[in-house]
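Chemist: The structure follows.
The values are calculated or read from the model by the stated rules, or taken from the named source; none is laboratory data. Since the model is a prediction, treat every value here as computed from it, not as a measurement. Backbone-built Cβ (ideal geometry, glycine too); neighbour counts: all protein chains shown. What goes into the accessible areas is simple: the full protein's heavy atoms, side chains included, and nothing from ligands, DNA or RNA. Shrake-Rupley method; radii C 1.70, N 1.55, O 1.52, S 1.80 Å.
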Amino acid sequence: MKTFARTLTGALACTLVSLGAHAGDNAKSDAVKTPATATSSQRAADPHVSPPFAAIVNGKVINSAEFDTAVREAIRQKFYHGTPPEGEIEQLVRDVATNMIDRILLVEEIKRRGMKPDAKVVDEKITNYEKRYASSARWQQERTQILPPLRQRLEEDDMLATIEATARNVPPPSQDKVFAYYKAHPEKFTEPEKMRISLILLPVDPSSPTKAWDEAETAAGSLRLKLTEGGADFAQLARDRSAHESAANGGDLGYMHKGMLPEGIQEKLDAMKPGDLSPPTRVLQGIALFRYDALQPPKHHDFETVKPRATDLLTRDLGDDAWRNLREQLRKKAKIELNTQRYAALGKKTSTGTK
């Protein structure tokens, strides 16, 4: 379910968050600071009148305060404390706008279809909110003001989930279409190249002094000489000396594809060939010796083997297409105006289908 059908936004979200830990105070204060000198009748006649807007969808205003709150929350969820990569913020702003526009249009479609929410599900969620904020003095003081918009939001969310599930519920594809999908997407049905790796790990506590690491590296070098020049058996040495859980299997880690090992170790293995033994290698848990045992080339599975998976993948893709098409059709029929003067990112290529 998309963000517009899953989360609470704007002043309602800020109020609920602040009940728990006052985390919404800043967002709410932003909304309070937004100019709002126009009368209700003026705003109804001209949606461009203050407060500033992000978009107007069939006459319904997405004001800047709620839009900015939604963007901040999306940035926090996607990037947490990390620095957003260059260019991604603009795309995120467009995605948030698309989701908020879609929500308005889908709610209109819900009303057009005469859909009703599942009252039992909504009541259960309201009860959970009551329990969650039972000890909050503010909840007790303001619950009569908070509950009506909260219930409305939860009812909309329930119906949005229903309309999405209905759109995605496509007929099962024919076998011919499944086979065509299989032929068109060979990468989805090909097992990637795998390396079979064995390991001997000499443990060193990460906080140990340099001397301990040096001693373990020297010991690993001695084991390597026994293997390369003394004819020692790798599996037996692993059982006798390795601190890794694979020791019981003679150090055998099994077949592993790229991405299963840390980047630095994968680079070392990429430079090796089957039969090679790595030099003593420092890892988080100590000093390791890796042996590259065998290579399993990519394996493309025949259709009969992967037919159930191909059917599931195609059905999922068809459902995604149907859900996307519904939203695109609603946008094409809608009158949508974006405030590109205030939000330049919305003036660039976007999926909102504005007109």
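Per-residue answers, yes or no, for (1) assigned to a strand (DSSP E or B); (2) open to solvent by 80 Å² or more (accessible area, probe 1.4 Å); (3) closer than 21 Å to Gln296 by Cβ; (4) not charged (D, E, K, R):
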{"residue": "Ser208", "(1), (2), (3), (4)": "no, no, no, yes"}
{"residue": "Ala212", "(1), (2), (3), (4)": "no, no, no, yes"}
{"residue": "Ser222", "(1), (2), (3), (4)": "no, no, no, yes"}
{"residue": "Gly231", "(1), (2), (3), (4)": "no, no, no, yes"}
{"residue": "Gln236", "(1), (2), (3), (4)": "no, yes, no, yes"}
{"residue": "Ala247", "(1), (2), (3), (4)": "no, no, no, yes"}
{"residue": "Ile265", "(1), (2), (3), (4)": "no, no, yes, yes"}
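Chemist: For the range 284-305, which positions are open to solvent by less than 20 Å² (accessible area, probe 1.4 Å) and under 23 Å from Asp214 (Cα atoms)?
Modeler: Here is the first cut: in the range 284-305, the residues open to solvent by less than 20 Å² (accessible area, probe 1.4 Å) are 286-290, 292.
Once the filter is applied, which keeps residues that are open to solvent by less than 20 Å² (accessible area, probe 1.4 Å) and under 23 Å from Asp214 (Cα atoms), the range 284-305 yields Gly286, Ile287, Ala288, Leu289, Phe290.
Chemist: Name, by its number, the condition in (1) surrounded by 18 or more Cβ atoms within 10 Å (Cβ to Cβ); (2) at pLDDT below 95; (3) over 30 Å from Leu313 (Cα atoms) that does not hold for Met195.
Modeler: Here Met195 meets the rest and fails (3).
Chemist: Still on this structure, please answer the following. Of all residues in the range 96-134, count the ones that are of a type in the set (Ser, Thr, Tyr), touching a residue at least 24 places away in the same chain (Cβ under 8 Å) and over 15 Å from Arg327 (Cβ atoms). First the steps, then the outcome.
Modeler: First, pick out the residues of the range 96-134 that are of a type in the set (Ser, Thr, Tyr): 98, 127, 129, 133.
The next check asks that each one be touching a residue at least 24 places away in the same chain (Cβ under 8 Å); those that pass are 98, 129, 133.
Imposing the further condition that a residue be over 15 Å from Arg327 (Cβ atoms) reduces the set to 129, 133.
Residues that pass the stated criteria total 2.
Chemist: Moving on. Return yes or no: is Glu164 open to solvent by less than 20 Å² (accessible area, probe 1.4 Å) and of a type in the set (D, E, K, R)? It would help to see each step written out before you state the result.
Modeler: Details: open to solvent by less than 20 Å² (accessible area, probe 1.4 Å): yes; of a type in the set (D, E, K, R): yes.
Judged against the criteria, Glu164 is a match.
Chemist: Taking the range 333-343 as the region of interest, how many residues are more than 17 Å from Asp95 (Cα to Cα) and among the charged types (D, E, K, R)?
Modeler: So the count comes out to 2.
Chemist: Only one of (1) under 22 Å from Asp252 (Cβ atoms); (2) surrounded by 18 or more Cβ atoms within 10 Å (Cβ to Cβ); (3) at pLDDT 95 or above fails for Tyr182. Which number is that?
Modeler: Tallying (1) under 22 Å from Asp252 (Cβ atoms); (2) surrounded by 18 or more Cβ atoms within 10 Å (Cβ to Cβ); (3) at pLDDT 95 or above, Tyr182 fails exactly one: (1).
Chemist: Hey, among the residues in the range 306-355 that are loosely packed, with under 15 Cβ neighbours inside 10 Å and over 26 Å from Arg168 (Cα atoms), which one's modelled with the lowest pLDDT?
Modeler: Per the criteria, the residue is Lys355.
Chemist: Is it the case that some residue within the range 63-85 is under 21 Å from Lys333 (Cβ atoms) and either of a type in the set (S, T, N, Q) or at pLDDT below 95 (or both)? Please lay out each step first, then the result.
Modeler: Going residue by residue through the range 63-85, those that are under 21 Å from Lys333 (Cβ atoms) are none.
Taking every residue of the range 63-85 in turn, none turns out to be under 21 Å from Lys333 (Cβ atoms) and either of a type in the set (S, T, N, Q) or at pLDDT below 95 (or both).
Chemist: Looking only at the range 91-144, how many residues end up being in a loop (DSSP other than H, G, I, E, B) and either open to solvent by less than 60 Å² (accessible area, probe 1.4 Å) or of a type in the set (A, V, I, L, M, F, W, C) (or both)?
Modeler: Kept after step one, since they are in a loop (DSSP other than H, G, I, E, B), are these residues of the range 91-144: 114-118, 133-136.
Applying the additional criterion that residues be either open to solvent by less than 60 Å² (accessible area, probe 1.4 Å) or of a type in the set (A, V, I, L, M, F, W, C) (or both) yields 114-115, 117, 133-134, 136.
The number of residues fulfilling the criteria is 6.
Chemist: Hey, any hits in the range 113-131 for a residue that's touching a Pro at 6+ places or on another chain (Cβ under 9 Å) and at pLDDT below 95? Talk me through it step by step, then tell me what you get.
Modeler: Just the residues of the range 113-131 that are touching a Pro at 6+ places or on another chain (Cβ under 9 Å), to begin with: none.
Within the range 113-131, none of the residues are touching a Pro at 6+ places or on another chain (Cβ under 9 Å) and at pLDDT below 95.
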